[in-house]
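Presented below is the structure to which this report refers.
The values are calculated or read from the model by the stated rules, or taken from the named source; none is laboratory data. Note that this is a predicted model, so its numbers are computed, not measured. In this analysis, Cβ positions are derived from the backbone assuming ideal geometry, glycine residues included, and neighbour counts consider all displayed protein chains.
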Amino acid sequence: MNEMLIGAIAACCFVIGLFFLRFWRATSDKFFLFFALSFFIEGANRVSLELFPNLHEASPSYYIIRVISYSFIIVAILDKNRRRKSKSNFK
């Protein structure tokens, strides 16, 4: 049962990553690219959780990959806000 849920979460992460990738291709906005990368990394992390039996959710390497994945989201938000501020300063 646990393997099935992890597989479903991984599949959803890849689908969401494709969703953001499509918007990035349409708009060329880095915001969507960073979100797509974040979800692809998170999906790959879930798959690796099942492929390597000695890796478990409590291991530090699992959380380091999660921190990297979530840092892409933080960078995307900060970059978007920084660009918005710089455009409003020119008006």
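Taken over the range 1-20, the criterion of being under 14 Å from E42 (Cβ atoms) and not aromatic (F, W, Y) is satisfied by I6, G7, A8, I9, A10, A11, C12, C13, V15, I16, G17, L18. Tally time: how many residues in the range 8-61 are in a helix (DSSP H, G or I) and out of contact with any helix residue (DSSP H, G or I) (no Cβ under 7 Å at 6 or more places or on another chain)? Final tally of qualifying residues: 15. Residue count for the range 1-38 satisfying the condition of being more than 21 Å from D79 (Cα to Cα) and of a type in the set (S, T, N, Q): 1. For first residues located in the range 1-13 and within 21 Å of S69 (Cα to Cα), partners that are among the aromatic types (F, W, Y) and lie 6+ apart or on another chain with Cβ distances below 6 Å form the pairs C13/F39. Look at I68 and say whether it is in a helix (DSSP H, G or I) and either surrounded by 17 or more Cβ atoms within 10 Å (Cβ to Cβ) or at pLDDT below 90 (or both). In short, no. Taken across the range 19-32, residues that are of a type in the set (S, T, N, Q) and crowded, with 17+ Cβ neighbours inside 10 Å do not occur at all.
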